[in-house]
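The values are calculated or read from the model by the stated rules, or taken from the named source; none is laboratory data. Model, not experiment: these values are computed from the prediction. A quick note on method: Cβ atoms are made from the backbone with ideal geometry, for glycine too, and the neighbour counts reach across all protein chains shown.
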């Protein structure tokens with residue numbers, strides 16, 4: 001998909017040439033098998049120079065973009081009951097799922113378009129699309145219009161996430177990137193942390209539409225910075241030649257397959273039994289489609305969307321597996337702790353958001369701490385291992401919560417889990433990129449963001465399915481009989497709990513606590529997979545240079 005892509009396909013070996021002066025050592029790639037020895041050949045290089053003012057403006061545009069996209073996406077969880085009530089939406093899990101589907105589907109294509117058309121045009125287009133989706137969602141008068149707006153927003157968000165990481169990789173060598181990547185992580189985690197409060201406040205005042213409207217001016221501000229200060233090169237070539245470089249078959253295959261899987265996971269155990277054909281057929285077709293996609297990319301794609309060589313070393317593969325896993329407990333924490341506080345503690349949407357500060361004020365700073373640690377020590381494995389350990393402990397503690405557990409304990413458990421997530425969140429980026437040549441940054445990061453976003457749909461499906469099934473099992477029939485069949489009990493029931501007679505209220509709250517215990521245990525098992533995958537990483541040197549094709553010197557030279 002770029003000038004290096006034919007070389008990636010035709011080459012068959014890696015040739016290293018070393019000069020006596022280590023500062024003049026070179027790395028000649030005839031192919032990338034993209035093995036781990038590539039990273040070991042990197043010279044130390046000079047230390048990072050003082051950054052120009054333009055660099056900080058570009059970085060600000062990336063931070064603001066990540067912040068607003070994450071804030072809007074996460075705050076929706078707290079306003080779901082209000083939106084569903086106002087617009088009479090029964091299956092409001094689709095408010096989040098349509099967004100995730102669109103975001104996930106766009107990510108691989110967004111990375112490819114950035115290679116073909118350049119970083120700035122694709123980033124600008126993503127911000128404009130995101131703002132348009134916000135306008136449509138804010139003006140929605142029914143579920144069809146809302147789902148359309150959320151889909152448009154998801155497309156824009158997918159582009160913002162991918163391009164932010166790619167642009168940063170063009171500006172800063174991997175060895176210096178820890179702190180700056182930590183700042184992007186800080187933007188994400190800070191937004192995710194305050195989002196429940198913002199969403200709760202808008203829900204309580206009946207102003208949920210402003211959650212979508214506020215994205216328009218902020219996205220516009222970020223787009224202005226991108227327009228004037230991101231000066232990365234634009235690849236040459238006419239429109240036809242560029243369109244011919246897009247892996248259309250690969251894109252449509254991965255879009256269709258991921259959509260089928262998310263739909264099956266959304267329906268399973270909620271609308272239909274897991275054994276129903278309406279669940280099994282799309283689930284099986286989705287996984288078969290993903291297998292076919294990988295086979296096509298490996299054997300026939302002229303400009304592969306995902307060069308299969310990215311997966312040929314254990315360190316990068318370990319990073320990808322951890323990326324896929326980490327989003328599940330991260331999003332699950334943000335989505336289901338408010339359920340605990342609102343159902344078991346009768347907390348208002350705003351109060352439940354404040355109760356999540358234990359998460360917000362640990363994930364965000366710990367993601368920066370991990371970036372600083374990696375920048376100083378040049379080692380990424382210790383913060384990852386320690387972080388996964390805290391994630392496992394935190395989930396184990398959350399599974400002990402009861403309806404009458406003190407708030408102090410629940411917040412303390414959050415702090416442990418949030419610290420672990422923060423350490424891992426900004427660290428798993430490095431084992432993905434360390435073994436690869438810098439020319440592979442864009443496709444590697446596109447796949448990295450695809451896996452992260454794809455797995456973010458799982459908390460709404462896996463967690464939602466587990467919670468729904470457990471609530472059906474544990475809630476008293478005298479309570480559930482008031483809801484139509486197929487109603488998602490987690491959100492539909494919460495507004496009615498505080499008005500129940502005390503004995504029934506206690507019974508319902510205990511049922512919620514017991515059901516959420518199972519959710520935390522499932523997330524503990526999933527997190528253990530991430531910890532296991534981390535054991536296969538090798539400790540490799542970090543790159544000291546950026547991709548010269550995307551010479552960023554001019555972009556931040558003033």
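Quickly run through the range 497-516 and pick out the residues that are without any contact (Cβ under 8 Å) to a residue 12 or more places away in the chain and surrounded by 11 or more Cβ atoms within 10 Å (Cβ to Cβ). Walk me through how you get there before you give the answer.
Filtering the range 497-516 for residues without any contact (Cβ under 8 Å) to a residue 12 or more places away in the chain gives 499, 501-503, 505.
Passing the criteria: only 505.
Kindly provide the set of residues from the range 226-278 that are part of a helix (DSSP H, G or I), more than 25 Å from the chain's Cα centre (by Cα) and surrounded by 15 or more Cβ atoms within 10 Å (Cβ to Cβ), ordered by number.
229, 242 - these are the residues of the range 226-278 that are part of a helix (DSSP H, G or I), more than 25 Å from the chain's Cα centre (by Cα) and surrounded by 15 or more Cβ atoms within 10 Å (Cβ to Cβ).
If only one of 157, 105 is at pLDDT 85 or above, under 28 Å from residue 434 (Cα atoms), under 20 Å from the mean Cα position of the chain (by Cα) and assigned to a helix (DSSP H, G or I), which one is it?
Values: 105 fails: at pLDDT 85 or above.
Being at pLDDT 85 or above, under 28 Å from residue 434 (Cα atoms), under 20 Å from the mean Cα position of the chain (by Cα) and assigned to a helix (DSSP H, G or I) holds for just one of 157, 105, which is 157.
Determine which single condition residue 200 fails, assuming it passes every other condition in (1) farther than 20 Å from residue 63 by Cβ; (2) within 20 Å of the chain's Cα centre (by Cα); (3) surrounded by 24 or more Cβ atoms within 10 Å (Cβ to Cβ).
It fails just one condition, (2).
Got a sec? Which of 295, 283, 317 is surrounded by fewer than 23 Cβ atoms within 10 Å (Cβ to Cβ), in contact with a strand residue (DSSP E or B) (Cβ under 9 Å, 6 or more places away or on another chain) and either modelled with pLDDT of 85 or more or assigned to a helix (DSSP H, G or I) (or both)?
Numbers: 295 fails: in contact with a strand residue (DSSP E or B) (Cβ under 9 Å, 6 or more places away or on another chain); 317 fails: in contact with a strand residue (DSSP E or B) (Cβ under 9 Å, 6 or more places away or on another chain).
Result of the check over 295, 283, 317: 283.
With respect to residue 193, is the statement that it is in contact with a helix residue (DSSP H, G or I) (Cβ under 8 Å, 6 or more places away or on another chain), within 30 Å of residue 374 (Cα to Cα), modelled with pLDDT under 75 and assigned to a helix (DSSP H, G or I) true? It would help to see each step written out before you state the result.
Numbers: in contact with a helix residue (DSSP H, G or I) (Cβ under 8 Å, 6 or more places away or on another chain): yes; within 30 Å of residue 374 (Cα to Cα): yes; modelled with pLDDT under 75: yes; assigned to a helix (DSSP H, G or I): yes.
So residue 193 fits the description; yes.
When only residues in the range 117-139 that are under 17 Å from residue 164 (Cβ atoms) and free of Cβ contacts under 8 Å to residues at least 40 places away in the same chain count, which is surrounded by the fewest Cβ atoms within 10 Å (Cβ to Cβ)? Can you show your working first?
Taking the range 117-139 as the starting set, the residues that turn out to be under 17 Å from residue 164 (Cβ atoms) are 117-131.
Those still in the list that are free of Cβ contacts under 8 Å to residues at least 40 places away in the same chain too: 125-126, 129.
Details: 125: 18, 126: 29, 129: 22.
Of everything passing the filter in the range 117-139, 125 is surrounded by the fewest Cβ atoms within 10 Å (Cβ to Cβ).
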